[in-house]
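Below is one structure, written out as structure tokens; the observations come after it.
The values are calculated or read from the model by the stated rules, or taken from the named source; none is laboratory data. Fair warning: this is a prediction, and the values are worked out from it, not measured in the lab. With ideal geometry, Cβ positions are generated from the backbone for all residues, glycine too; neighbour counts draw on all protein chains shown. Heavy atoms of the whole protein, side chains included, go into the accessibility calculation; ligands, DNA and RNA do not. Shrake-Rupley method; radii C 1.70, N 1.55, O 1.52, S 1.80 Å.
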Amino acid sequence: QVQLVESGGGLVQAGGSLRLSCAASGRTFSIQIMGWFRQAPGKEREFVAAISWSTGITAYADSVKGRFTISRDKARNTVFLQMNNLKAEDTAVYYCATARRWTRNNDEYDYWGQGTQVTVSS
């Protein structure tokens with residue numbers, strides 16, 4: 001089992017920045033991929049970004065590329081999502097999750113955090 005706890009969400013004006021954190025505990029040695037997803041009201045959960053725990057290779061959704069940066073601190077078992085130039089359409093609950101292989105499909109992520117709300121006012 002892996003436990004994930006997100007933090008760092010909040011209310012920010014359009015154009016502002018937030019940094020989300022996701023701390024992992026439990027069987028962290030089993031983590032291969034860490035991903036961030038988001039779900040806006042009335043919409044399906046969508047992929048935002050992912051990072052390979054071992055190599056640091058990253059991937060982003062087109063909608064956030066150039067604005068968001070995913071990174072990890074292996075010593076602290078923590079993954080971050082730096083979000084810059086935020087837009088109203090970035091408003092959603094943001095979740096971190098782990099997967100055993102490289103994928104953007106949320107069905108293939110095994111463990112999920114409880115989510116953190118990000119609200120961007122226009």
Does GLN39 count as touching a residue at least 24 places away in the same chain (Cβ under 8 Å), open to solvent by 30 Å² or more (accessible area, probe 1.4 Å), in contact with a Gly (Cβ under 7 Å, 6 or more places away or on another chain) and not aliphatic (A, V, I, L, M)? no
Wholly within the range 14-111, strands (runs of 3 or more DSSP E) carrying at least 3 residues that are of a type outside the set (Gly, Ala, Ser) and more than 14 Å from LEU4 (Cβ to Cβ): 46-52, 68-73
Need the failing condition index for TYR109 against (1) under 18 Å from SER25 (Cβ atoms); (2) free of Cβ contacts under 8 Å to residues at least 40 places away in the same chain, just the number. (2)
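Got a sec? Which of ARG72, ARG76, ARG67 is among the basic types (Lys, Arg) and open to solvent by less than 60 Å² (accessible area, probe 1.4 Å)?
On the way: ARG72 fails: open to solvent by less than 60 Å² (accessible area, probe 1.4 Å); ARG76 fails: open to solvent by less than 60 Å² (accessible area, probe 1.4 Å).
Answer to the check: ARG67.
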Failed item in (1) buried (at least 17 other Cβ atoms within 10 Å of the Cβ); (2) within 16 Å of PHE80 (Cβ to Cβ), with ILE57 passing the rest: (1)
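Residues checked against (1) touching a strand residue (DSSP E or B) at 6+ places or on another chain (Cβ under 7 Å); (2) among the basic types (Lys, Arg); (3) open to solvent by less than 80 Å² (accessible area, probe 1.4 Å):
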{"site": "SER63", "(1), (2), (3)": "no, no, yes"}
{"site": "PHE80", "(1), (2), (3)": "yes, no, yes"}
{"site": "LEU86", "(1), (2), (3)": "yes, no, yes"}
{"site": "CYS96", "(1), (2), (3)": "yes, no, yes"}
{"site": "ARG104", "(1), (2), (3)": "yes, yes, no"}
{"site": "ASP107", "(1), (2), (3)": "no, no, no"}
{"site": "THR116", "(1), (2), (3)": "yes, no, yes"}
